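The values are calculated or read from the model by the stated rules, or taken from the named source; none is laboratory data. If you're wondering where the values come from, they're calculated on a predicted model, not measured in any experiment. Neighbour counts run over all protein chains shown; Cβ positions are idealised from the backbone, glycine included.
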Amino acid sequence: MNIFALFEARVREALEALTRSGTLQPGLDLGRVVVEPPRDPTHGDLATNAALVLAKEARTNPKALGEALAAELRADPRVAAAEVAGPGFINLRLAPEVLHDVVRAVLADPEAYGRAAPNSVPGPVNVEYVSANPTGPMHVGHGRGAVFGDALANLLAATGRDVTREYYVNDAGAQVDVLARSAYLRYREALGEAIGAIPDGLYPGDYLKPVGEALAQAHGRDLLGKPEGAWLPAVRETAIAMMLERIREDLAALGIRHDVFFSERTLQEGGEGGAVAALLAELKERGLVYVGRLPPPKGQLPEDWEDREQTLFRTRDFGDDTDRPLLKSDGSYTYFASDIAYHRDKYLRGAREMIDVLGADHGGYVKRMQAAVKAVSNGAANLDVKLCQLVRLLRAGEPVKMSKRAGEFVTLRAVIDEVGRDAIRFMMLYRKNDATLDFDLAKVVEQSKDNPVFYVQYAHARVRSVQRQAREAFPDLDPADSARLAAADLSGLTDPGEIEMMRLVAQYPRVVEAAAAAHEPHRIAFHLYEVASSLHSFWNKGKDLPQLRFVNATDRKSTEARLALVEALRGTLASGLAILGVAAPDEMR
């Protein structure tokens with residue numbers, strides 16, 4: 001039950017009534033009319049901007065239109081009050097029965113509350129996230145993108161979207177050849193050679209020792225003494241496979257899965273140069289490729305900048321700041337060419353909406369790839385790029401020292417093993433993705449209000465505790481019997497704390513809908529903290545005022561009503577935590 005959608009439809013009905021009466025002319029654009037929570041909760045339960053956004057087109061005063069619309073809405077028995085405020089907003093105070101109906105709607109299926117049926121919204125969406133190079137273990141920064149992308153995919157699925165979760169494996173190009181050379185060094189080490197210090201330009205981490213040992217076991221001494229061209233393909237294949245397996249294991253420890261692992265190398269394989277060559281041929285045929293020179297970039301010139309004729313893609317025609325090169329000076333493809341071919345492949349697989357989750361260092365990538373997607377899809381597809389800012393790893397406020405054994409960074413798996421999946425997932429989502437995140441290893445395991453993940457999980461566990469107390473006070477009462485709770489008399493839920501809890505439950509479907517539309521899963525985490533705070537606050541009031549306790553052994557009626565309310569809160573918490581990929585515990589240990 002989404003009361004915002006329900007009353008937005010009611011506002012539109014009222015506007016139609018005003019049109020029939022001649023107060024408004026027909027044909028007004030209602031596209032900007034919304035119903036939302038008022039900025040100040042003391043003003044009511046809902047607010048609409050209808051009078052404000054329609055007044056100019058209707059050639060009338062916003063307040064006058066607001067009064068006419070408010071009068072129509074007051075006739076609805078579900079509206080206790082409708083008042084015009086400020087420049088023309090209408091604040092609505094609902095009859096108590098409306099919030100009671102919300103509680104009963106949640107009880108029908110608590111953990112499905114706020115969610116749409118799977119695949120009920122047309123149009124698939126492709127979410128690509130993590131896509132870390134398979135050249136080493138994942139670090140904490142990768143973890144942020146992984147958690148964000150996974151929660152976003154969950155969020156879109158919760159609103160009825162058909163979501164494909166994808167990982168782009170960068171298994172082509174120079175970096176995987178460097179990986180192979182580094183692994184070959186560890187192979188020689190596994191055979192007993194003293195390899196000394198790792199040369200500059202190779203990957204120094206001990207994480208490649210198991211790769212060297214696997215190569216030694218598989219090939220013995222057969223690869224020694226051969227030219228690089230003879231051993232590099234086999235070593236590269238083994239190294240990539242083992243690095244990917246480690247990445248999959250780390251992701252699984254975070255509860256993250258992908259539907260597709262797409263190999264970059266496949267874009268350059270096959271007849272006549274593969275998908276990248278096919279892309280260039282298509283772009284040339286459409287007149288979107290030319291040979292020319294680019295002006296020097298503004299500011300200090302990069303060391304690798306060359307003033308030369310290049311094969312360029314007309315990305316400016318599709319909104320980019322400049323045209324982009326498709327071939328390097330040695331004739332090989334640029335990374336951009338492969339990226340275009342990859343997104344073209346997504347489009348050919350049916351994706352019309354694409355989301356890429358990338359690190360903060362990819363800021364320059366956004367416009368060019370959005371232009372490329374427009375070009376290869378003839379405007380039929382769109383791309384949203386979400387950048388995840390850096391993670392500063394702290395311990396009790398002090399920066400965490402790097403691990404030389406890991407190759408000068410702290411591995412994601414080490415953090416998972418120390419603080420657990422739930423702390424990482426919730427705290428990675430308790431800040432907007434484009435803001436730098438301070439992740440304090442000591443703070444995220446504290447059992448206090450200052451630790452949001454504990455505070456929210458404790459709220460869910462507290463509801464379970466209330467339900468256990470109710471069983472002890474009333475042995476014949478089953479707090480898990482949703483049908484019986486839905487039949488409870490809720491008219492006694494009149495305390496401001498109870499009303500706040502019902503309002504927050506009522507807001508949840510709108511929060512899910514808005515978070516999915518904006519691609520911002522942090523909104524779910526913020527809302528869950530508000531829900532938890534309302535529950536804990538009311539619990540604390542009950543310590544001083546026995547009549548407000550959730551379970552009152554001398555008042556079965558109020559106990560049943562509050563059990564219905566807290567089960568609705570629990571369903572909201574469980575639904576939101578599932579979207580975030582965080583457990584909803586029955587007890588805190």
When VAL178 is run through (1) on the phi < 0 side of the Ramachandran plot; (2) in a loop (DSSP other than H, G, I, E, B), the failure sits at (2)
Consider GLU306 against the criteria (1) of a type in the set (D, E, K, R); (2) over 21 Å from LEU383 (Cα atoms); (3) buried (at least 20 other Cβ atoms within 10 Å of the Cβ): it satisfies all of them except one. Which criterion is unmet?
(3)
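Can you tell me which of ALA105, ALA132 is touching a residue at least 60 places away in the same chain (Cβ under 8 Å), closer than 30 Å to LEU493 by Cα and out of contact with any Leu (no Cβ under 9 Å at 6 or more places or on another chain)?
Among ALA105, ALA132, only ALA105 is touching a residue at least 60 places away in the same chain (Cβ under 8 Å), closer than 30 Å to LEU493 by Cα and out of contact with any Leu (no Cβ under 9 Å at 6 or more places or on another chain).
Suppose we filter PRO37, PRO77 for residues that are within 29 Å of the chain's Cα centre (by Cα), closer than 25 Å to ARG104 by Cβ and either at pLDDT 90 or above or not hydroxyl-bearing (Ser, Thr, Tyr) (or both); which single one remains? Please lay out each step first, then the result.
Values: PRO77 fails: within 29 Å of the chain's Cα centre (by Cα).
Only one candidate qualifies: PRO37.
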Could you tell me which of the residues LEU152, LEU156 is part of a helix (DSSP H, G or I), out of contact with any Phe, Trp or Tyr (no Cβ under 9 Å at 6 or more places or on another chain), not assigned by TED's automatic domain parsing to the domain that holds LEU493 and not basic (Lys, Arg)?
LEU156
For segment 1-49, give me the residue count where each residue is free of Cβ contacts under 8 Å to residues at least 12 places away in the same chain and touching a helix residue (DSSP H, G or I) at 6+ places or on another chain (Cβ under 7 Å).
1
Write out, first by first residue and then by second, each pair whose Cβ atoms fall under 7 Å of each other, whose residues are 6+ apart or on separate chains, and whose first residue, in segment 477-491, is more than 12 Å from LEU565 (Cα to Cα) while the second is of a type in the set (A, V, I, L, M).
LEU477/ALA470
Inter-residue pairs, beta-carbon under 7 Å, first without any contact (Cβ under 8 Å) to a residue 40 or more places away in the chain and buried (at least 17 other Cβ atoms within 10 Å of the Cβ) and in segment 528-550, second of a type in the set (Asp, Glu) and assigned to a helix (DSSP H, G or I), 6+ apart:
SER534/GLU500
Just checking, which of PHE454, PHE474 is over 26 Å from ALA146 (Cα atoms) and touching a Ser or Thr at 6+ places or on another chain (Cβ under 9 Å)?
PHE474
Just to be sure I understand, how many residues within segment 194-221 are more than 37 Å from the chain's Cα centre (by Cα) and assigned to a loop (DSSP other than H, G, I, E, B)?
9
Exactly one of GLN447, GLN457 is buried (at least 17 other Cβ atoms within 10 Å of the Cβ), over 18 Å from the mean Cα position of the chain (by Cα) and either under 27 Å from MET501 (Cβ atoms) or outside the structural domain of VAL531 (by TED's automatic domain parsing) (or both), and that residue is GLN457
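Looking at THR559, is it of a type outside the set (Gly, Ala, Ser), at negative phi and either surrounded by fewer than 22 Cβ atoms within 10 Å (Cβ to Cβ) or not in a helix (DSSP H, G or I) (or both)? Outline the logic, then answer.
Working: of a type outside the set (Gly, Ala, Ser): yes; at negative phi: yes; either surrounded by fewer than 22 Cβ atoms within 10 Å (Cβ to Cβ) or not in a helix (DSSP H, G or I) (or both): no.
Criteria not met by THR559.
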Those residues that are under 21 Å from the mean Cα position of the chain (by Cα) and in a helix (DSSP H, G or I), I need them from segment 368-392; list them, please.
MET369, GLN370
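Given the criterion under 18 Å from ALA525 (Cα atoms), out of contact with any helix residue (DSSP H, G or I) (no Cβ under 7 Å at 6 or more places or on another chain), among the aromatic types (Phe, Trp, Tyr) and touching a residue at least 40 places away in the same chain (Cβ under 8 Å), identify the matching residue among PHE439, PHE454. Break it down into steps so the answer makes sense when it comes.
Values: PHE439 fails: out of contact with any helix residue (DSSP H, G or I) (no Cβ under 7 Å at 6 or more places or on another chain).
The conditions single out PHE454.
With respect to ILE340, determine if the residue is modelled with pLDDT of 90 or more, in a helix (DSSP H, G or I) and closer than 18 Å to ASN126 by Cα. Full working, then the answer.
Numbers: modelled with pLDDT of 90 or more: yes; in a helix (DSSP H, G or I): yes; closer than 18 Å to ASN126 by Cα: yes.
Yes.
Picking from GLY149, GLY141, GLY114, GLY145, which residue would you name as being at positive phi and of a type outside the set (D, E, K, R)?
Details: GLY149 fails: at positive phi; GLY141 fails: at positive phi; GLY145 fails: at positive phi.
Within the list GLY149, GLY141, GLY114, GLY145, the selection yields GLY114.
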Selection from segment 65-111 of residues in contact with a helix residue (DSSP H, G or I) (Cβ under 6 Å, 6 or more places away or on another chain), closer than 22 Å to ARG20 by Cβ and surrounded by fewer than 18 Cβ atoms within 10 Å (Cβ to Cβ) yields ARG78
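Between ALA396, ALA360, which is modelled with pLDDT under 95, under 19 Å from ARG144 (Cα atoms), touching a strand residue (DSSP E or B) at 6+ places or on another chain (Cβ under 9 Å) and not assigned by TED's automatic domain parsing to the domain that holds ALA516?
Numbers: ALA396 fails: under 19 Å from ARG144 (Cα atoms).
None of the other options fit; the residue is ALA360.
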How many residues are under 35 Å from the mean Cα position of the chain (by Cα) and either of a type in the set (D, E, K, R) or more than 30 Å from SER120 (Cα to Cα) (or both) if we restrict to segment 153-181?
16
Condition first: under 26 Å from GLY571 (Cβ atoms), surrounded by 22 or more Cβ atoms within 10 Å (Cβ to Cβ), in contact (Cβ under 8 Å) with a residue 60 or more places away in the chain and in contact with a Lys or Arg (Cβ under 8 Å, 6 or more places away or on another chain). Can you find one or more residues in segment 407-430 that meet it?
yes
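Quick check on my filter: what residues within segment 7-21 are outside any loop (DSSP other than H, G, I, E, B) and surrounded by fewer than 18 Cβ atoms within 10 Å (Cβ to Cβ)?
Restricting attention to segment 7-21, the residues satisfying the condition of being outside any loop (DSSP other than H, G, I, E, B) are 7-20.
Matches in segment 7-21: ALA9, ARG12, GLU13, GLU16, ALA17, THR19, ARG20.
Is there a residue being among the basic types (Lys, Arg) and outside the structural domain of ALA112 (by TED's automatic domain parsing) anywhere in segment 523-539? Step through it out loud before you land on a result.
Going through segment 523-539, the residues among the basic types (Lys, Arg) turn out to be 523.
Still in the list and also outside the structural domain of ALA112 (by TED's automatic domain parsing): none.
Scanning segment 523-539 turns up no residue that is among the basic types (Lys, Arg) and outside the structural domain of ALA112 (by TED's automatic domain parsing).
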Yes or no: segment 40-56 includes at least one residue that is over 31 Å from the mean Cα position of the chain (by Cα), closer than 30 Å to GLU560 by Cα and surrounded by 16 or more Cβ atoms within 10 Å (Cβ to Cβ).
yes
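Matching residues to (1) of a type in the set (Val, Ile, Thr); (2) surrounded by fewer than 18 Cβ atoms within 10 Å (Cβ to Cβ); (3) under 20 Å from MET138 (Cβ atoms); (4) modelled with pLDDT of 95 or more:
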position	(1), (2), (3), (4)
ARG165	no, no, yes, yes
TYR168	no, no, yes, yes
ALA172	no, no, yes, no
ALA180	no, no, yes, yes
ILE198	yes, yes, no, no
PRO204	no, no, yes, no
Residue in segment 314-323 that is surrounded by 10 or more Cβ atoms within 10 Å (Cβ to Cβ) and among the polar types (S, T, N, Q) present
yes
